[in-house]
Each structure stands twice: as C-alpha cells, then as structure tokens.
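Here's the structure, in structure tokens; my notes come after.
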Amino acid sequence: MKFNSGDFAREYDRRLSSEGYPGILLDAVAREVKGSEHVLDVGAGSGFFSVPLAAMGYSVEAVEPSEEMIKILRKKLDPFSFGRIRISPTDWESWEGSTVDSLLCAHSLYPMRDTAFALSKMKRSSRRVILLVRADEGNAGMSQLLRARLKRNNFRDRFFSKTETLLRELDFAYEVRFVEQTRLTVFFNLDDEARYYCGHLGLEETDFPEVKNILAAHSVAAGAHYEYVSLYRDAVITF
C-alpha cells in the first residue's frame, strides 16, 4: 500500500496541506458531529480531521493502519489535542471498541475489501455515521484528467452510486448533500510532479513521458513555479 511508504505519506500530507485540505469539508463534518462527545475517525490518515476535531474539544479515536501516516499525525499534536486523541494503529476491519456518538470515514472507504461489511460495522459502532466519498459527477482534477487521457480504470469510478446501492440493500436510512470546492496546486518541477502522479495512480514507468506532457499542457507557468486548479465535488452521506 502506497501510504506505507514514508516518502509518499509525507508528500501526500504536504500536498494536501498546501492546497488547504480539508477546507469547507471540515465545516460540513463539524456540523454533523455537533453535540457528540466521542468521534471515531476511520482511516484518519495524517490527521486532517482528527486534529482539528480534537482542537474543537471532541474526544477523538483515530483509526489508521499506516505507521507512516501515524508518525505525521503525531507531529501535528499540541498539548491540548494530544490529550484528546487516541490512536488505534489498525485497519477498520480489525478494529474493536465501544459504540461512539459519531463516526467519520473521510475518503477511506475505497480500499476496504468488503464495503458492505465495513458499512454495517460502522452502523453498529456509532449512533451517527458521516461518510465522505467523491461524487460521481462534477469533479475536474488532474487525477481524473490523467486517468481519462491514459485510459486507466479507477476503483473510485461511480463509487458514490455503488455506495448508495449498498446502503439501500442494507436498508439503511441515509441522507446526502454535496460540497463543492476548488483547490490550487503549486509545484516547481515537472519531473517530480509526474513521478508523484505515476506513484499515486499506480501507473507504469513507461507512462512517465505522457504524464509529464499532460501536466505541462494543463498547468500554468507562474514565474518559478507551475500551478493548476482542481474542482472537487464530495458527497456527505449520513446515516
């Protein structure tokens, strides 16, 4: 798994941080967990939601299997949030614990082996589940562009529709609303950016020249750096 690579985990965290992630998604999550005391953050990664939620006063359990992501998360903790975050170094399928007030799973459902089992376990483990997944339509980012141009399948394709189908099959009452925001990516070297996307998207070494060409064609040179803007449309599913 790429997040077990220290270099990739650090670059992933640096990149999302520089883009302002999670942005207004954090506001959406904060509204959903309001009134809770304990929040379970499933697939917490490097703490993009766990750390600010702890800073808001919530007691947070961060469930994260990647040791490299946990190292980054720990470095973000100040004395206040340190006392409010408990880290469980395990995957969701193996996690064991008590029922909590709210459970957040932010873009972490995709790689789980049995999605129906994962959703059912979330329902059993929390009084309220907040699930963030990429919407099927309305996204315009570099990842989507590269996959389309290189004709690579994506396991996230139509993932929102697949998740809705599963929720109906499980007979879960749920609500959906969408959050849209743009993020600006700034980078300084075309080769490094192309290598990042080759690793991020699981592309072959032979894809590198085309990835670099696509990046050059769809980025704007601004002095010593390049930049491009991506549009993200996320579904906030609650049940």
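For a test of the definition: using alpha carbon positions, the gyration tensor, and the 1.5 limit on a/c, classify the range 1-51 as rounded, prolate or oblate.
Numbers: a/c = 3.77, a/b = 1.73, b/c = 2.17.
Because a/c hits 1.5 or more and a/b fails to exceed b/c, the range 1-51 counts as oblate.
Distance check, please: which entries in LYS2/LYS34; LYS2/LYS121; LYS76/LYS212; LYS162/LYS212; LYS34/LYS75; LYS123/LYS151 exceed 29 angstrom between their Cα atoms?
Going by Cα-Cα distance, LYS2/LYS34; LYS76/LYS212; LYS162/LYS212; LYS123/LYS151 fall outside the 29 Å limit.
To make sure I understand, if each residue's beta carbon is the centre and we count other beta carbons within 10 Å, what order do SER94, SER5, SER125 fall in, fewest to most?
Ranked by crowding around the Cβ, least crowded first: SER94, SER5, SER125.
What is the local net charge at HIS38, summed over the other residues whose Cβ is closer than 9 Å to its Cβ (Lys, Arg +1; Asp, Glu -1)?
-3
What does the C-alpha gyration tensor say about the overall shape of the range 52-94? Classify as rounded when a/c is under 1.5, otherwise prolate if a/b is larger than b/c, or oblate.
Oblate, since a/c reaches 1.5 and b/c is not below a/b.
Charges at C-beta only: +1 for Lys and Arg, -1 for Asp and Glu. How large is the resulting dipole of the range 1-92 about its Cα centre, in Debye rounded to 20? Don't skip to the end; give the middle numbers.
On the way: 12 positive and 14 negative charges, 45 e Å.
Using only the charged Cβ atoms, the result is roughly 220 debye.
Do the sum for the chain: with -39,500 (n - 2.57) for every DSSP H run of n ≥ 4, divided by all residues, what is the mean residue ellipticity at 222 nm, to the nearest 500 deg cm²/dmol?
Working: 10 runs with 94 residues, N = 239.
Helix-only estimate at 222 nm: -11500 deg cm²/dmol.
What ranking do PHE3, PHE48 get, fewest neighbouring Cβ atoms within 10 angstrom at the top?
PHE3, PHE48
Convex hull over the Cα atoms of the chain, averaged projected area in nm²?
12.9
Arranged by the count of other C-beta atoms within 10 angstrom, fewest first, what order do LYS71, LYS151 take? Don't jump to the answer; show the numbers that get you there.
Values: LYS71 13, LYS151 6.
Starting with the residue having the fewest Cβ neighbours, the order is LYS151, LYS71.
Taken together, the values in this text are just the output of simple stated rules run on the coordinates, not laboratory data. The shown structure was predicted, so the numbers you read here are calculated from the model rather than taken from an experiment. All Cβ positions, even for glycine, are placed from backbone atoms using ideal geometry, and neighbour counts span all protein chains on display.
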